[in-house]
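Below is one structure; the comments refer to it alone.
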Amino acid sequence: MVSSSGDHHAAENMDCAAENDNRSKATGIPLSRKLCYAIGGMPYQMTSNAKGFFMQIFLLDVVKMGASYASIILFLGRAWDAVTDPMIGYAVSKSRRTRFGKLIPWIVFSMPFGVVSYIMLWYTPQDTMSPAFSFCWYFVWCCLFDTFMSCYHVPYSSLNMFLGGNDRDRDSATGYRMGMEVFATLAGAAIQGQIVGMYHAKRSQVCSMQNDTDVPAANHTASLSDTTENLQNTRKAYVTAALVIGFIYFMCCLVVFLGVKEQLAPLSKLDSINLPYLTGMKMVVCHIPYVKLVFGFLFASLAFQMAQGNFALFCTHAADMGGSFQHLVIILLTAATLSTPLWQTVLVKLGKKTTIFIGLFTYIPTLIIISLLRNSLPVFIIMSVLAGTSLSALYLLPWSMLPDVVDDFKVKNPSCQDLEPLFYSCYVFFNKFGGGVAVGISTLVLHFAGYKPGVCKHNSQVIFSLQMLFAPVPICLLLIGMVMFYFYPITEKRRQEIQTALKKAAEHPKRRRTEAMK
């Protein structure tokens with residue numbers, strides 16, 4: 001009797017899954033669900049890009065932290081963030097499904113802690129701090145924020161596999177998500193850049209006055225007295241920007257909770273997995289298409305994040321554009337936002353693998369031209385537009401290719417279900433680890449080159465280091481990434497074969513139930 005009851009409940013669950021799958025195929029993913037899901041990606045991009053563009057210059061020129069300490073924070077903070085992602089992915093996979101779903105509770109309950117830790121990351125507790133206290137303060141809050149953001153972003157990114165519909169609907173949802181994430185990057189940079197940018201521009205003006213030998217000594221003294229007041233205002237501005245971004249973080253999480261309902265995917269039950277952590281990780285990292293995609297994404301992301309992390313310092317100290325870099329960032333991200341639909345269209349026409357080569361190659365001449373010019377705003381604007389277009393391709397294509405890899409794994413390993421959070425968490429791991437390496441190495445190179453926090457004019461070694469870190473090194477990394485993508489095995493033909501195999505696998509349980517009833 002117990003066995004019969006268990007079989008009856010199992011059959012009911014499978015019937016519900018089949019009905020859910022048929023309904024999804026018939027209706028696809030509703031536009032409202034796509035938009036609500038897309039909005040949920042905004043907090044991660046807003047916060048990570050605010051950190052990417054401004055954290056280095058904040059620690060060096062606002063907190064007045066030594067370059068060696070800042071390098072350790074930026075590198076170890078990202079390393080900690082990267083290491084926690086797979087563990088959080090496994091914890092999400094092990095968690096059981098609730099009436100709100102399996103992934104959404106993680107998104108909702110981690111949000112308040114993420115908001116508070118992000119605000120504290122930009123707060124300066126004292127006007128003057130010892131190097132040890134300053135290091136501990138920012139390192140602890142950096143690790144806490146990255147941990148809570150992982151608890152939000154790993155289940156959120158995995159949610160892409162559980163929106164319903166077919167693979168085309170899922171690609172469309174990914175397109176909406178990436179468009180919204182690029183817009184979030186623009187919004188975050190605009191909020192952060194416009195609130196704090198005026199103070200960085202004022203500092204550049206003070207430096208220009210100090211370097212001008214024709215300015216009377218009395219004006220130099222007045223400029224120096226204004227520097228302290230400007231520093232205090234700059235610190236307050238960073239906290240204000242963090243409060244605004246934190247509020248948007250809260251609202252986006254609310255939209256996901258109210259507008260997205262998890263749907264079962266083929267060969268997935270959204271239940272707790274029984275695999276040990278190391279066994280699951282071994283299966284994920286030994287899947288060849290996944291490895292090639294991950295390493296291609298790693299090197300391409302490493303290239304973009306190294307150029308991004310040094311952009312503010314390059315414009316301020318090497319290109320004499322310190323008063324304009326926040327506007328260039330907005331132009332770059334506006335171009336990225338507007339070009340996302342273009343890449344989605346090209347993706348459908350030419351395929352994902354071809355499109356990513358076109359998008360990444362565009363970035364190479366852009367970096368070369370920017371690195372060779374000084375104080376040429378019109379050319380910088382044009383190159384920022386091209387760089388933003390290429391950045392949009394990096395946002396969209398790898399994340400659009402990842403679900404195909406997960407489907408390929410499910411076809412080849414039908415007995416291993418519900419490992420999607422592990423796939424997505426490892427993907428995020430390599431991206432974040434690459435970012436940590438990029439920023440950590442950059443800051444360490446500047447330390448050995450003789451970078452001095454707060455000074456207006458740096459030696460030739462620092463300028464040369466900034467030029468190298470902004471163009472030649474990222475270009476080499478980008479070329480390595482493109483080689484990895486060249487060997488990525490899932491073509492459009494293979495992708496169609498995977499979808500056909502998934503449909504056949506999903507039909508087997510229905511046939512077995514029909515035969516059992518006969």
Added length on full extension, which subtracts the Cα-Cα distance from 0.36 nm per residue, PHE464 to LYS236: 78.8 nm
From the cross-link list LYS51/LYS261; LYS282/LYS412; LYS34/LYS352, which pairs have alpha carbons spaced over 23 Å apart? LYS51/LYS261
Gyration tensor over alpha-carbon atoms, the stretch 313-372, equivalent ellipsoid semi-axes in Å: 29, 14, 6
Accessible surface of the stretch 326-405 [probe 1.4 Å, protein heavy atoms]: carbon and sulfur percent: 78
For TYR123 and PHE357, what does the FRET efficiency come to when R0 = 35 Å and r is the distance between their Cβ atoms, rounded to the nearest 0.05? 0.20
Taking R0 as 56 Å and r as the Cβ-Cβ distance between THR491 and SER68, the FRET efficiency 1/(1 + (r/R0)^6), rounded to the nearest 0.05, comes to 0.75
With N denoting the number of residues in the stretch 401-486, provide Rg(C-alpha) divided by 2.2 N^0.38 Å, to two decimal places. 1.65
Give the Kirkwood hydrodynamic radius (Å, one decimal) of the stretch 303-434, defined as one over the mean of 1/r across all pairs of different Cα atoms. 16.5
Cut-off under 5 Å, modelled amide H: who pairs with GLY101 long-range: none
What number comes out for the charge environment of VAL260, summing +1 per Lys or Arg and -1 per Asp or Glu over other residues with Cβ under 12 Å away? +3
I'd like the FRET efficiency for ILE288 and GLU229, computed as 1/(1 + (r/R0)^6) with the beta carbon distance as r and R0 of 60 Å, rounded to 0.05. 0.55
For the peptides 154-160, 382-388, 408-414, what is the packing order when you average, over each peptide's residues, the other Cβ atoms within 10 Å and list the highest mean first? 154-160, 382-388, 408-414
Of the peptides 393-405, 347-359, how do they stack up when ordered by the mean number of other Cβ atoms within 10 Å, highest first? 393-405, 347-359
Under 12 Å, Cβ to Cβ, from ARG33 - net charge with Lys/Arg +1 and Asp/Glu -1: +2
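The values are calculated or read from the model by the stated rules, or taken from the named source; none is laboratory data. Note that this is a predicted model, so its numbers are computed, not measured. Neighbour counts are summed over all protein chains in view; Cβ atoms, including those assigned to glycine, are modelled from backbone coordinates with ideal geometry. In case anyone asks, the SASA skips ligands and DNA or RNA and just uses the protein heavy atoms, side chains included. Shrake-Rupley method; radii C 1.70, N 1.55, O 1.52, S 1.80 Å.
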